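Notes to accompany the following structure.
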């Protein structure tokens, strides 16, 4: 039986390549800046090849947005399964609050990711596009639940605005309560400013 040998520069397979690439990318983006970091450097930091990077991510921006589809699927499912008796905005807020456990264990990653995005106009634009997609998907679910337009679109957009403000508050200060609490506080503030209209 022939022995298997490895080239000196070739590392053995290790699990969680996407996670390793994401952590390496974020470390480099925080330390050097997004623009100054190359895919080759990310792959090298993760102990992987550029080819492996492109198997998991379309470009270096997508490292920061890779979970967007999973988040959208989660929110759509949570909103669709809300009780029929829930008001449209109540169902949206409950779905948003349900994301808390998804983010809680990744709070430091979320904090660093948010700082990188805030420092780059192209990434801020990409973030807004992803949030608009979330809003559109949630509006579709509301329509399926019998909410007519423009109420479905307005409710979904209000929910996304609440989520955006709450998330920014949650990542900006370690002393903030958990994400669901921040969402409830932001929603209460929205209700307060619209109560007099």
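Where a number appears in this text, it was derived from the coordinates with a stated rule and is not lab data. As the structure is a computational prediction, the values presented were derived from the model and not from experiment. FYI the Cβ positions are ideal-geometry reconstructions off the backbone, even for glycines, and counts take in every protein chain you see.
Cα centroid separation, segment 92-171 to segment 65-89: 11 Å. A helix-only calculation puts the chain at -21500 deg cm²/dmol for mean residue ellipticity at 222 nm, using -39500 (n - 2.57) for each DSSP H run of at least four residues, averaged over all residues. The calculated FRET efficiency for residue 125 paired with residue 164, based on their beta-carbon distance and R0 = 22 Å, is about 0.95. Run the simple label-point estimate for residue 72 and residue 106 please: 7 Å along Cα→C-beta, distance reported in nm. Using points 7 Å along Cα→Cβ, the separation is 1.6 nm.
Label separation (residue 195 vs residue 80): 3.6 nm, computed from points 7 Å beyond Cα along the C-beta direction. In percent, rounded to a whole number, the relative contact order of the chain is 19, using alpha-carbon pairs under 8 Å and six or more apart.
Compared with the direct C-alpha span, the chain from residue 55 to residue 145 gains 28.6 nm at full extension, assuming 0.36 nm per residue.
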